[in-house]
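K.L.:
Just dropping this structure here.
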Number of protein chains: 2
Amino acid sequence: MTPVKRPKEVDENFVKEKEAGFADFIQRKGLKTTRQRNTIISVFFRLRGHISVEELLNEVKKVNPRIGYATVYRTLHLLVESNLVEERRFGDGLARYEGHSDVEHHDHMICLECGEISEFFNPRLEALQEKLAEENNFEIFRHRLELYGVCKDKEACNKRKNSKAAEARGA
Amino acid sequence: MTPVKRPKEVDENFVKEKEAGFADFIQRKGLKTTRQRNTIISVFFRLRGHISVEELLNEVKKVNPRIGYATVYRTLHLLVESNLVEERRFGDGLARYEGHSDVEHHDHMICLECGEISEFFNPRLEALQEKLAEENNFEIFRHRLELYGVCKDKEACNKRKNSKAAEARGA
DNA sequence: GAAAGGGTTGCAATTGATTTGCGATTCGAT
DNA sequence: ATCGAATCGCAAATCAATTGCAACCCTTTC
């Protein structure tokens with residue numbers, strides 16, 4: 001298995017690249033650059049993990065409190081359309097967004113106890129999927145694989161669960 | 001690849017088994033058998049494929065027009081809780097339900113053109129997932145794999161797409 | 001560098017799926 | 001048949017997400 005590691009610190013080059021990519025997209029589409037969009041994407045690409053709209057909006061509001069849900073939603077749609085961001089749904093009923101192409105395609109393992117989402121990538125898995133599609137006369141554009149279960153390391157798992165619970169009470 | 005085949009005809013034994021399983025569950029939980037629940041599960045297990053709540057309600061209303069959304073939703077939740085039915089979401093924003101354990105666990109290929117959902121199962125894929133989880137110190141309870149793409153058989157694909165479009169106009 | 005045209009924003013209202021409150025009804029153990 | 005609890009049906013509420021619209025702000029043009 002190849003666990004996917006995300007950089008720990010904000011990579012300014014990465015952010016710049018994304019911002020440039022978005023500017024390109026905006027231009028190609030004949031849309032406009034705006035203060036709000038800049039704020040949103042700048043904040044978004046400095047976050048890591050699987051961001052919900054609410055989480056993103058909270059961060060965005062720290063920069064510009066007048067930005068509301070609608071603009072965040074609309075900008076996120078543009079980001080998805082521009083292929084700079086992927087939308088995911090893990091069954092808790094709300095969409096999460098992930099800046100990708102830094103870490104290449106990957107799949108997810110979701111712990112039902114502590115909520116930890118780990119990412120992994122395995123070329124044999126990918127190859128096998130291609131093979132199966134081939135046999136079924138099907139062409140894969142993208143796929144989604146999610147493993148739901150629990151961490152075997154109960155100690156670490158409980159720690160995460162508790163810190164999450166504390167967070168929920170506190171905030 | 002092992003495509004999963006569903007029986008073409010309603011299998012009365014299968015339906016009976018499911019009904020019995022549900023009765024068991026209801027009893028264990030100290031809940032009650034009701035006319036509505038009986039109707040809903042009887043109708044549900046005679047349908048095949050990935051049923052949306054609306055589809056199910058339509059069918060149910062043919063038997064008892066007074067049954068409404070709430071009861072169907074509530075019954076479906078019980079069915080999921082009892083493990084007789086699986087809930088799935090394919091990204092079109094509405095839940096679909098599938099009676100399972102007739103056809104064992106399987107994954108999905110979804111054509112983005114014609115909407116066809118095919119099912120498949122591959123033991124190597126399953127084994128590989130287990131292996132990856134093992135290496136990551138993770139225990140899998142369940143997983144979800146969806147391949148999104150297009151049928152290579154354009155003719156069949158278009159036919160399905162058109163018949164679906166016609167249906168939408170007609171109904 | 002002002003005006004024009006069109007995309008964008010923020011807010012509130014809307015949608016669409018799903019859930020819930022509640023009075024009326026039905027179930028099932030006694 | 002009776003009684004308490006579970007269930008139903010409906011309408012109202014919820015929740016995430018979308019949309020209508022008047023005010024606003026980019027960009028291009030002159």
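The values are calculated or read from the model by the stated rules, or taken from the named source; none is laboratory data. Keep in mind that this is a model prediction, so the values were computed, not measured. So basically every Cβ, Gly included, is an ideal-geometry build from the backbone, and we count neighbours across all protein chains shown. Surface accessibility is based on the protein's heavy atoms, side chains included, excluding ligands, DNA and RNA. Shrake-Rupley method; radii C 1.70, N 1.55, O 1.52, S 1.80 Å.
K.L.:
Using just the C-alpha positions of segment A:32-171 as equal point scatterers, what log10 of I(q)/I(0) does the Debye formula give at each q in 0.14, 0.17 1/Å?
P.N.:
With one equal scatterer per Cα and no solvent, log10 I(q)/I(0) is -0.82, -1.08.
K.L.:
Still on this structure: Looking only at segment B:27-171, where both bridge partners belong to it, what percent of the DSSP beta bridges are antiparallel (to the nearest 5)?
P.N.:
75 percent
K.L.:
What span do the alpha-carbon atoms of the protein assembly as shown cover on each of the three principal axes, reported in whole Å from largest to smallest?
P.N.:
63, 53, 44
K.L.:
Quote the accessible area belonging to B:Lys32 in square angstrom, nearest 10, computed with a 1.4 Å probe and with ligands, DNA and RNA left uncounted.
P.N.:
In the full protein context, B:Lys32 sits at about 150 Å².
K.L.:
Residues with amide H under 5 Å of A:His143's amide H, sequence separation 5 or more or different chain, H placed in the peptide plane at 1.01 Å from N; which?
P.N.:
Here the answer is B:Tyr148, since their amide H atoms fall under 5 Å of that of A:His143.
K.L.:
Right, here's the next one. Need one value: the accessible area of B:Asp92 in square angstrom, 1.4 angstrom probe, rounded to the nearest 10.
P.N.:
Approximately 80 Å² of B:Asp92 is accessible to the 1.4 Å probe.
K.L.:
At a probe radius of 1.4 Å, figure out the B/A buried accessible area, summed over both chains, and give it in Å² to the nearest 100.
P.N.:
Buried surface at the B/A interface: approximately 3600 Å².
K.L.:
Continuing with this model, one more query. Inter-copy label distances at B:Lys16, 7 Å along the Cα→beta-carbon direction, one decimal in nm, shortest first?
P.N.:
Result, one decimal in nm: 7.4.
K.L.:
Carbon-plus-sulfur fraction of the accessible area of the protein assembly as shown, 1.4 Å probe, in percent?
P.N.:
49 percent
K.L.:
May I ask you to derive the relative contact order of chain B, considering only C-alpha pairs under 8 Å and at least 6 residues apart, and to give it as an integer percent?
P.N.:
21 percent
K.L.:
When the expected Rg is taken as 2.2 N^0.38 Å, what fraction or multiple of it is the alpha-carbon Rg of segment A:107-170?
P.N.:
1.57
K.L.:
Which entries of A:Lys29/B:Lys152; A:Lys18/A:Lys159; A:Lys131/B:Lys154; A:Lys16/A:Lys62; A:Lys154/B:Lys131 have Cα-Cα distances beyond 24 Å here?
P.N.:
With Cα atoms farther than 24 Å apart: A:Lys29/B:Lys152; A:Lys18/A:Lys159.
K.L.:
Give the longest segment of chain A that steers clear of GluC sites (Glu not before Pro) in DSSP loops with at most 16 neighbouring Cβ atoms within 10 Å, not counting the sites themselves.
P.N.:
A:10-103
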